[in-house]
Structures are given as structure tokens and as C-alpha cells.
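Remarks on the structure that follows.
What follows is calculated from the coordinates using simple rules that are stated; it is not laboratory data. A quick note: this is a predicted structure, and the numbers were derived from the prediction, not measured. With ideal geometry, Cβ positions are generated from the backbone for all residues, glycine too; neighbour counts draw on all protein chains shown.
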Amino acid sequence: MVLLTENAYYVSRYAHGLLRDFLVVLTNIPNQPRLNEIKNDALDVAEEVTKFMKTDPEDPLWISLLGCLESSDRAHI
């Protein structure tokens, strides 16, 4: 749904609190093979909606996304 720019904008503006919490939780799930697909999907959503969201260095979403850079899974980088 959020792969379309208009939908990503809408969701980021009108469900930003819920969306932010959703992304923080799913990007911090344990690194287990059975959870990789849902984490990949959450990162796809984050890729589309975060360009419309304001963040700062103390934002839990920003910190969670930076943590993905340390992953050994190329899909999470």
C-alpha cells in the first residue's frame, strides 16, 4: 500500500505515531531466520514513509534504523 507515493505521504501524516511505533518494534525484532521476512517488509515500509517524516538524533525510529546498518544481512542494510 505505501509503495505508492501518495499513500506513503498519507500514512506518514495521519498515522505517524502508530506508524513510528510499528516501525520501531519491527526493526528491533530478534535476528532470527523466521523473522527476516517481516523485518524486510518493515524496512520496505520505512524506506517509503520516512522521507515524509521529521526525525532527530534522539528519535527511537532513527536509532532503530541506524542499528540496521550493523546487520550482517544485506537486505537489512
Give me the dipole magnitude in Debye, nearest 20, for region 5-76 about the Cα centre, with unit charges on the beta carbon: positive for Lys and Arg, negative for Asp and Glu. 60
Report relative contact order for the chain in percent, whole number only (criteria: Cα-Cα under 8 Å, sequence separation at least 6). 34
Trypsin sites (Lys or Arg not before Pro) within region 1-71: DSSP coil, no more than 10 neighbouring Cβ in 10 Å: Lys54
Taking the Cα atoms only, what angle lies between the long axis of helix 5-14 and the longest principal axis of the chain, rounded to 10 degrees? 80
Radius of gyration and Dmax for region 5-76's Cα atoms, expressed in Å? 12.0, 34
GluC sites (Glu not before Pro) within region 1-74: which are DSSP loop residues with at most 10 other Cβ atoms inside 10 Å? Glu58, Glu70
